[in-house]
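Trainee: Pasting a structure here, questions to come.
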Amino acid sequence: MALHGRNASVKILTDTITDVYNWSIDKTANPIEEPVFGNDGWARTLGTGVNKWSGSFDAIKSLTDTNGQTALDAAWEAGTVVSGIRFYLDGTYYYSGSAYITGTSESTNPEDVDRVNYTFSGDGQLSYSW
């Protein structure tokens, strides 16, 4: 089943963050390697260690989105975790977890709307709704 990004969104629990137009999540695991002498110069990977997730999303800047963008800005400033953040693939399926906002950047120009980018780092497990 193919999903269409047209109905994607980002929410904090049930509150939709206003005007998000793309998001990405990077899931990684640190390899556990065994570099040894005389192994033809190649390290052997024995498996993976700690899993982690991070990513970013972009939105059109909103000064009135108190439960979304304003809450994210406050979490970044205070260094607090955002619990219950959900990244919807469509109206039904989503990733969820808790994350720290690790950065924000804003941009504007005379031929476009004001835009904001949020980067985040997961705190604990990333869950799936399917």
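The values are calculated or read from the model by the stated rules, or taken from the named source; none is laboratory data. All of these numbers come straight from a predicted model, not from anything done at the bench. Note that we place each Cβ from the backbone using ideal geometry, even for glycine, and neighbour counts take in every protein chain shown.
Trainee: How many residues does region 93-109 hold that are exposed (fewer than 14 other Cβ atoms within 10 Å of the Cβ) and in a loop (DSSP other than H, G, I, E, B)?
Mentor: 2
Trainee: Test of understanding: among D90, D112, D73, which residue is out of contact with any Ser or Thr (no Cβ under 8 Å at 6 or more places or on another chain), charged (D, E, K, R) and either in contact (Cβ under 8 Å) with a residue 12 or more places away in the chain or assigned to a strand (DSSP E or B) (or both)?
Mentor: D90
Trainee: Being part of a strand (DSSP E or B) and either within 17 Å of Y93 (Cβ to Cβ) or in contact (Cβ under 8 Å) with a residue 40 or more places away in the chain (or both) is the filter here; which residues of region 1-21 pass it?
Mentor: S9, V10, K11, I12, D15, T16, V20, listed by residue number.
Trainee: Report yes if some residue within region 95-108 is in contact with a helix residue (DSSP H, G or I) (Cβ under 8 Å, 6 or more places away or on another chain) and more than 21 Å from L13 (Cβ to Cβ); otherwise report no.
Mentor: Among the residues of region 95-108, at least one is in contact with a helix residue (DSSP H, G or I) (Cβ under 8 Å, 6 or more places away or on another chain) and more than 21 Å from L13 (Cβ to Cβ), which makes the answer yes.
Trainee: Condition first: over 16 Å from the mean Cα position of the chain (by Cα) and either at positive phi or acidic (D, E) (or both). Now tell me which residues in region 91-130 satisfy that.
Mentor: E106, E111, D112, D114
Trainee: Ok, one more. Residue check: is W130 in contact with a Phe, Trp or Tyr (Cβ under 6 Å, 6 or more places away or on another chain), of a type in the set (F, W, Y) and more than 15 Å from K11 (Cα to Cα)?
Mentor: The answer is yes for W130.
Trainee: Same structure again: Sort out which residues of region 20-64 are among the acidic types (D, E) and modelled with pLDDT under 95, and write them in order of number.
Mentor: Those that are among the acidic types (D, E) and modelled with pLDDT under 95: E33, E34, D40.
Trainee: Out of region 3-19, which residues are at pLDDT 90 or above and over 15 Å from the mean Cα position of the chain (by Cα)?
Mentor: Answer for region 3-19, where residues must be at pLDDT 90 or above and over 15 Å from the mean Cα position of the chain (by Cα): T14, D15, T18, D19.
Trainee: Of everything in region 115-130 that's in a strand (DSSP E or B) and small (G, A, S), which residue is surrounded by the most Cβ atoms within 10 Å (Cβ to Cβ)?
Mentor: G122
Trainee: Check A99, A75 and return the single one that is under 21 Å from G124 (Cα atoms) and in contact with a Gly (Cβ under 7 Å, 6 or more places away or on another chain).
Mentor: Every option except A99 fails the conditions.
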